[in-house]
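Throughout, read-outs are computed from the coordinates displayed, never taken from laboratory work. Quick caveat: nothing in here was measured; it's all calculated off a predicted structure. Cβ placement follows ideal geometry from the backbone for every residue including glycine, while neighbour counts extend to all protein chains displayed.
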Amino acid sequence: MPELPEVEWVRRQLEPLVVSRRVVAGWGHDSPKFAQAPAAVGAEITGVARRGKYLLIGLDDARELIVHLGMTGRLRPRPEPSETDRYVRAWWRLDDGMILELRDVRRFGRVAVVEAGDHRSLPTLAALGPEPWDPSLDGDGFWRRLRSSRSRIKSQLLSQRPIAGVGNIYADEGLWRAEVHPALRSLTRRQASRLLEGVRDALEVGLANGGTTLRDYRTPDGNQGRNQSALRAYGRAGAPCERCGTLLQSRVYDARTATFCPTCQHR
DNA sequence: GGCTGGCCCTGTACGC
DNA sequence: TGCGTACAGGGCCAGC
C-alpha cells in the first residue's frame, strides 16, 4: 500500500522518464475513478510533484494529471500496453513511444485531470495537511491541529488532515516510536511533539529503505522496497516489542487495524 | 459541522 | 480438491 515514502520513490523514478514528453494517446477504464485518463492527451508533461500520497503531474496547458495509487496501484513504463493484463486501469502513450501504465488490482486508485491547483473534486487532497518536513510545522502547531478533532489519534493521522502522506503502516510506526496509544482522543503538547518526531522518523527510515513492500508495491523500475524488515509495530502483532519485550497487540479502531505495545503505548 | 461506519474491490489465507 | 468466508485498507459519502 503506497504511502508517502513509496509514492516519493515512484515520483523520483518517473520524473526523468516523462518530463518534457508529450502525451499522444491515452486510455482509462470505464470506472469513473479512471475514466479521465485520456483527458491528458495533447499536453506536454512539465514536472512530477507529490503532495502526500498524490502524484501531481504538471501539464503545459495549466492543468494537472493527478494519480493516487490507492492500495495496489503501480505505475510502470512499458513498450506497449499490456492488452492481456486485466488489471491495467489506465495508460498514456508518450511521444517517445513509451507507455506509462497504471495497474491497480483492487481499483482503489484514482486518476483525475484538473485545472492546476483546483483540487475541489478530490476532497482529501483539497484538505491535505502539511508535508511532514514542512519547516513551518512544529510540535506546537501539530498539537493545535490534533486538538481540533476528538477522533482517535490514529484515525486523525489516516485522515491526512494533521499531516500528509501517513497511512496505516507509518501511523503504527510513528505511534510506536512516540509511545502513544492509537485510541487516544487527545494528546498533551509533549505527546504531540513526540508523535510528530515519531512519524517523521518512521517516514525517513521508510524513504531511506526505498519504501515498504508487503504485497504489491513496486517502483517503476520493478524493484521492491526494503523497509518491511525495519518495521517495529505494523504487522508484528504477537511478536515482542523491541523496547520492552511485551507482546504487541492488534486491535481494530474505526475499522482500521492498529498494532501497538500495550506497555510502552499505555492508554 | 464533525464523527462513524459502510461501501468499493479482489487476491489471499484459512476452515470445512 | 474445491468451495465458502473473512480479511486487508484509502478515500468517499450517507446518516446520525
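No disulfide-compatible partner, judged by a Cβ distance under 4.7 Å, exists for the following cysteines of chain A: A:Cys244.
Under the definition of Cα pairs under 8 Å and six or more residues apart, what whole-number percent is the relative contact order of the range A:139-260?
On the way: 186 pairs, mean separation 28.4, N = 122.
Relative contact order here is 23 percent.
Taking A:Val199, A:Val41, A:Val111 as the candidate residues, the one with maximal mean-square fluctuation in a Gaussian network model of chain A, Cα springs under 10 Å, is A:Val41. For A:Leu247, the residues whose amide H sits under 5 Å from its own are A:Cys241, ignoring neighbours fewer than 5 places away on the same chain, with H placed 1.01 Å from N. Every Cα-Cα pair in the range A:4-126 was counted, and those over 24 Å apart are 15% of them.
Can you sort A:Arg120, A:Arg147 so the residue with the fewest Cβ neighbours within 10 Å comes first?
Numbers: A:Arg120 9, A:Arg147 13.
Placing the least packed residue first, the sequence is A:Arg120, A:Arg147.
Positive-end ranking of A:Ile66, A:Tyr253, A:Val88 along the dipole of chain A, with charges on Cβ about the Cα centre, is headed by A:Tyr253. When the distances between all Cα atoms of chain A are binned every 10 Å from zero, what whole-number percent does each bin get? Per 10 Å bin, starting at zero, the Cα-Cα P(r) for chain A comes out as 7, 29, 33, 20, 9, 1 percent.
In the P(r) worked out for the range A:99-218, what percent of Cα pairs fall beyond 17 Å?
Summing the P(r) of the range A:99-218 above 17 Å gives 61 percent of all pairs.
Relative to the longest principal Cα axis of chain A, at what angle does helix A:4-18 sit, 0 to 90 degrees, rounded to 10? Helix A:4-18 sits roughly 20 degrees off the main axis of chain A. Here's how it looks for A:Thr46: its modeled amide H is under 5 Å from those of A:Ser20, A:Gly58, A:Leu59, A:Asp60, which are all 5 or more places away or on a different chain. As a proxy for reagent exposure, A:Phe34, A:Phe108, A:Phe260 were ordered by neighbouring Cβ count within 10 angstrom, fewest first; the result is A:Phe108, A:Phe34, A:Phe260. Each part reduced to its alpha carbon centroid, the range A:1-76 and the range A:160-214 end up 26 Å apart. On the basis of the beta-carbon distance and an R0 of 25 Å, A:Asp201 and A:Ala255 show a calculated FRET efficiency of 0.40.
Using Cβ point charges alone (K and R +1, D and E -1), the dipole size of chain A about the Cα centre works out to roughly 1280 debye.
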